[in-house]
1. Output yes when any residue across the stretch 112-124 is among the hydroxyl-bearing types (S, T, Y) and either at pLDDT below 95 or farther than 18 Å from V72 by Cβ (or both), and no when none is.
2. Residues that are of a type outside the set (D, E, K, R): find the strands (runs of 3 or more DSSP E) completely inside the stretch 50-128 holding 3 or more of those.
Amino acid sequence: MDHSARPLFAKINQLKIARESIPFIVIPLLLGLVTAAFGFWYVCGVLVFVALFMAFFFRDPKRVPPIEQNVVVSPADGRVTRVTRLAPDQEDSPTVVSIFLSPFDVHINRAPIPGRITDLVYSPGKFLMATNEKASLVNEQNILTIQGDQITVVCKQIAGILARRVVCWKKKGDNLTLGERFGLIKFSSRTDVILPANVSVLVSVGARVRGGTTVIGRIS
């Protein structure tokens, strides 16, 4: 094998997709085979494109968390749309960081700190646009409380106008390592993380972050 091709093959071998993607990929492919058998090549092409996009959407890339101590990493890929104190008039108020995930972002959620899930609550609700500030209150969501050695954070998986299901692979009492996968949100969505007052937030609105690797806060 050409030595120059080895890095490419190594990357291909590392490609991984979430298991929830299987019906979204297999069904369009099967329909594509049927339409091809009847000579509807344009329809077949569209269906194959849909299957490929679903494989892209549900991709689950390997991430290596930072080795630094006392840091909080982003729980999701996307764009920071909100950095706000929950009680602006109080110095010891927690801060909420909201991350919007477009259909082109990786939709895997990862642990912002190492710790134990002390509470996990599923809340059915509406499907407002994920960028709407009310979404964190009224939309369908999973709310995880993760207790670490130094801090406790709350992480919310919030469904958006396209996302119709939030998925969590963990349960109450499970331990998480820094950056470990704990779930995903199907299609465009939002992830909120609520940080206590002793965390210095290092990101601002508009910043692009990567789940499990981008440091968004430092514990003081």
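1. yes
2. Details: elements: 71-73, 78-85, 95-101, 108-110, 115-123.
Because the criterion is at least 3 residues that are of a type outside the set (D, E, K, R), the strands (runs of 3 or more DSSP E) in the stretch 50-128 that meet it are 71-73, 78-85, 95-101, 115-123.
The values are calculated or read from the model by the stated rules, or taken from the named source; none is laboratory data. What you see is a predicted model; the values in this text were computed from it and never measured. Cβ coordinates were reconstructed from backbone atoms using ideal geometry, including for glycine residues, and neighbour counts include every protein chain displayed.
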